[in-house]
Amino acid sequence: MTTIYVDPSKKKEQIVKLSDGTFGLMKAEKQKSGIGYEFDFTSHMHPSFRIPHAPVNGDEETVHSIDGEQQFKIQWLSK
């Protein structure tokens, strides 16, 4: 499981660091049901994915891609 470190004070867009040392971008998107969030990663080791709600500390997301299943855990960035 790869951990995504998120700063909860940044609601619209931010660069996120992953537990394996790679980086990505988390950005808010307007959807019919409200605001969802998209995660795009600089490394090709991880597939992009969307969640239909604001990130929650401790949430685990399972993402299915052509390379198989990957699991991500969202963790608040401690200051």
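Just one of the listed residues (Asp59, Asp40, Asp7, Asp20) is among the acidic types (Asp, Glu) and in contact (Cβ under 8 Å) with a residue 60 or more places away in the chain, and it is Asp7.
Output the residue which, of all residues in region 22-45 that are in a loop (DSSP other than H, G, I, E, B) and at pLDDT below 95, is farthest from Met1 (Cα to Cα).
Step by step, filter region 22-45, then rank; the result is Lys32.
Among the residues of region 64-79, the ones that are free of Cβ contacts under 8 Å to residues at least 60 places away in the same chain, in contact with a Pro (Cβ under 9 Å, 6 or more places away or on another chain) and either under 14 Å from Thr3 (Cβ atoms) or not in a loop (DSSP other than H, G, I, E, B) (or both) come to 2 in all.
Could you list, in sequence order, the residues of region 64-79 that are aliphatic (A, V, I, L, M) and surrounded by 13 or more Cβ atoms within 10 Å (Cβ to Cβ)?
Residues satisfying the conditions are Ile74, Leu77.
When residues in region 35-63 are screened for being touching a Pro at 6+ places or on another chain (Cβ under 8 Å) and either exposed (fewer than 14 other Cβ atoms within 10 Å of the Cβ) or of a type in the set (Asp, Glu) (or both), 1 of them pass.
The values are calculated or read from the model by the stated rules, or taken from the named source; none is laboratory data. Small disclaimer: the values here were computed from a predicted structure and weren't measured. Here Cβ is always computed from backbone atoms with ideal geometry, including for glycine, and neighbour counts include all displayed protein chains.
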